[in-house]
1. Out of (1) over 28 Å from the mean Cα position of the chain (by Cα); (2) closer than 18 Å to Thr595 by Cβ; (3) in contact (Cβ under 8 Å) with a residue 24 or more places away in the chain; (4) open to solvent by 20 Å² or more (accessible area, probe 1.4 Å), what's the single condition that is false for Ala525?
2. Please name all residue pairs, on different chains or six or more residues apart, with Cβ atoms under 7 Å, provided the first residue is in the stretch 457-468 and is in contact (Cβ under 8 Å) with a residue 12 or more places away in the chain and the second residue is surrounded by 10 or more Cβ atoms within 10 Å (Cβ to Cβ) and aromatic (Phe, Trp, Tyr).
3. Quick one: Ser327 ticks every box in (1) under 17 Å from Thr360 (Cα atoms); (2) assigned to a helix (DSSP H, G or I); (3) of a type outside the set (Lys, Arg) bar one, so which box is it?
4. For the stretch 463-489, which positions are over 23 Å from Asp311 (Cα atoms) and in a loop (DSSP other than H, G, I, E, B)?
5. Select from the stretch 274-297 the residues that are farther than 25 Å from Gly172 by Cβ and either touching an Asp or Glu at 6+ places or on another chain (Cβ under 7 Å) or in a helix (DSSP H, G or I) (or both) and list them in ascending order.
6. Could you say whether any residue in the stretch 293-310 is open to solvent by 10 Å² or more (accessible area, probe 1.4 Å), among the aliphatic types (A, V, I, L, M) and touching a His at 6+ places or on another chain (Cβ under 8 Å)?
7. State the number of residues belonging to the stretch 205-235 that are touching a residue at least 60 places away in the same chain (Cβ under 8 Å), assigned to a loop (DSSP other than H, G, I, E, B) and more than 23 Å from the chain's Cα centre (by Cα).
Amino acid sequence: MSDDRRIASATSRIVPARPRRRPLSPRGRRLLPAPLPARGIALGPARLAALAVSLGPALFAALVLALGPALAPGGSAGAPALAPLPLLDGVAQAQPIALARAADPGPTPAEAADFAISPDYPQTMAYLRAVADASPHIELGTFGYTTEGRPLPVVFVRDHAGADAGWDDGSGKPTILVNAGIHSGEICGKDALLMLLRDIARGHEPDIVAHLRLILVPIFNLDGHERRSLYNRFTQDGPGNGFGTRRNALRLDLNRDFLKLETPECQALVRLFSQFQPEIFVDLHTNDGFDHQYDLLYGIGVDPTLPEGRDALVDEMLVPSIQRQFSADGFRGHPIGYPVDAFDITAGLANYDITSYLATGYFESRQAISVLSEAHPYVPYARRVGSTLTLLRGILRWAAVHRIELSETVARARREVLRWSREPGTRAVALGVTADRERSEAIRWLGKPCARITSTITGRDFPRFRDEAIELTIPYHRELKAVGTQTLPRGYLILRPWGHVVENLRRHTIKVETLTEAFAADVEAFRYSAHEFSARSYQGHHLLSDWEGAYTREYREFPAGTYWVSLDQPAGLSAFHLLEPEAGGALVQWNYFDTIFERGIILEDWALEENALRLLEDPQIRAAYEAALADSAFAADPDARLEFFFRQTPYVEEGHNLYPVFRVLGEAPAKLGPS
């Protein structure tokens with residue numbers, strides 16, 4: 001385990017503070033320094049507006065960048081800097097400019113610059129301190145560290161003025177986790193969260209504060225956020241002061257890391273989720289790709305093989321509420337879809353796949369209603385931020401009104417999945433989820449015409465949209481279906497040498513135990529008969545991209561020290577997706593078990609040849625070989641033909657191509673201890 005990952009793993013349990021007038025540090029939680037009092041001449045909203053008009057957007061944006069949040073109401077360019085944040089792994093933190101305490105935190109930095117810019121990290125933190133100082137319901141803390149050691153900020157919102165005694169007080173208030181900036185070039189979510197917090201500080205969202213608990217992550221890919229450049233996004237419209245990078249400091253895409261959990265950022269977010277078990281998770285992005293007339297597309301995919309109830313809640317209540325909010329706020333939003341045919345929008349749109357190594361797919365497996373927000377990259381930055389804020393308002397206001405149905409439905413789904421694990425082999429769960437192309441509904445779509453253009457450089461065709469408005473009726477493949485299923489076992493036995501796999505499971509907050517005495521049972525064992533790795537690296541891995549194999553039921557004995565993973569735990573479905581060899585994104589596909597595919601015995605060609613000739617004297621082996629030759633690929637592959645004969649000998653190693661994780665469908669081991 002790397003030093004960065006050890007630091008992240010050591011982060012203490014996160015517990016929001018009691019009401020306070022300045023940030024405290026309860027139970028070891030790291031909080032950012034409190035703002036110092038500001039001195040000098042403050043610029044109020046009216047003077048800021050006049051200054052923006054007189055200078056123009058571009059010059060005013062430059063001024064905001066130079067002086068930062070000192071230009072916000074109550075601030076001053078002469079205000080003293082905050083005390084330096086601590087050195088973390090040798091990385092010094094930037095110095096935010098202090099904001100004076102005020103009942104109204106004033107406009108956000110993006111608003112103050114007429115959305116010509118998005119604030120950097122120090123400016124963002126200064127504004128977060130301002131809203132936390134302005135409202136007793138808003139708390140600012142950290143929940144982990146980035147690869148480069150920067151503290152990851154988190155904002156907690158709950159009703160300190162009412163009877164909300166704490167996060168575990170049994171009140172049943174739903175918790176909503178919102179994540180912004182997982183791709184830091186797609187940063188409109190951060191500025192939307194700042195505007196939401198501004199409204200909460202001003203007292204404009206009393207129902208949200210009274211009936212919900214919010215956990216807001218304003219900049220998730222913080223290292224990428226601070227690598228700002230005008231050249232990190234190719235076709236996006238604004239913000240004018242540049243974009244962060246898609247990948248983190250290790251050049252890993254955080255939104256592809258939610259099964260392998262190799263980054264401290266994703267490890268921290270999974271711990272945060274596991275601690276508070278939110279009912280809704282929202283991931284805020286900006287889209288890439290095709291053009292249309294909408295400000296934002298959003299997806300709320302529900303795995304059709306998981307317990308019923310959440311799907312009806314989404315389709316019949318949440319989506320209509322979101323659409324009403326878009327209409328009320330003057331933005332255009334639509335459930336997400338991607339063209340079935342890139343060159344012909346009339347062929348229709350298909351819903352997005354649920355992929356467990358993406359954030360929304362991962363938290364869907366924890367039975368949170370998971371919302372993907374994709375603002376349109378070609379609309380002005382102000383509309384991207386505004387439409388993202390509208391989506392958040394639609395979700396949060398609906399959740400506040402329907403908090404009882406929301407809490408009960410999600411709790412019931414979580415209890416049901418736990419019950420399934422106690423009835424092993426009876427419930428089939430999706431290994432992957434995709435749009436059902438056999439079912440569709442007609443929808444009204446506000447699109448743009450698309451032409452097929454032949455490249456003069458490559459000779460290939462590519463789609464090119466024209467900036468014209470068209471209205472179409474097209475098919476929409478909204479319904480989702482499973483791509484392969486597998487029944488839930490009671491749990492998994494993992495052979496002792498594969499301890500690095502257990503380390504990964506623990507990062508998911510999955511409980512792992514060990515056998516304290518030998519255990520024998522009928523289990524299901526998976527053996528590979530063929531495999532292939534990708535030639536091109538992806539996320540630093542050459543994925544197991546293609547394979548053949550099958551489960552067999554067999555009696556096995558397991559020694560003391562073998563690892564046991566029960567699915568009867570809150571993260572049980574995460575363990576299923578990590579350990580099922582055919583699940584999309586399982587650890588075996590991320591190279592955690594590669595040595596099982598390597599032969600441990602040296603073979604000489606002459607010995608193989610002579611052995612093959614002897615084996616051909618057996619009529620049954622000869623018949624099987626001749627049948628195999630009917631496969632042209634096998635017949636054309638000399639190595640495959642020799643391998644056929646080697647597999648008929650007693651020299652084959654027992655562990656070769658045997659997946660060292662075994663499904664238990666019967667009784668669980670009784671004698672267990674900590675791992």
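The values are calculated or read from the model by the stated rules, or taken from the named source; none is laboratory data. Being a predicted model, the structure only gives us computed values, none of them experimental. Every residue, glycine among them, receives a Cβ derived from its backbone with ideal geometry; neighbour counts consider all protein chains shown. Ligands, DNA and RNA are excluded from the accessible area calculation, which covers all protein heavy atoms including side chains. Shrake-Rupley method; radii C 1.70, N 1.55, O 1.52, S 1.80 Å.
1. (4)
2. Pro463/Phe343; Phe465/Phe290
3. (1)
4. Arg466, Asp467, Glu468, Ala469, Pro489 - these are the residues of the stretch 463-489 that are over 23 Å from Asp311 (Cα atoms) and in a loop (DSSP other than H, G, I, E, B).
5. His285, Thr286, Asn287, Leu296, Leu297
6. No, the stretch 293-310 contains no residue that is open to solvent by 10 Å² or more (accessible area, probe 1.4 Å), among the aliphatic types (A, V, I, L, M) and touching a His at 6+ places or on another chain (Cβ under 8 Å).
7. Residues flagged as touching a residue at least 60 places away in the same chain (Cβ under 8 Å), assigned to a loop (DSSP other than H, G, I, E, B) and more than 23 Å from the chain's Cα centre (by Cα) within the stretch 205-235 amount to 2.
Residue-wise test of (1) surrounded by fewer than 21 Cβ atoms within 10 Å (Cβ to Cβ); (2) over 22 Å from the mean Cα position of the chain (by Cα).
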{"site": "Ile322", "(1), (2)": "no, no"}
{"site": "Phe326", "(1), (2)": "no, yes"}
{"site": "Arg332", "(1), (2)": "yes, yes"}
{"site": "Asn351", "(1), (2)": "no, no"}
{"site": "Tyr357", "(1), (2)": "no, no"}
{"site": "Ser373", "(1), (2)": "no, no"}
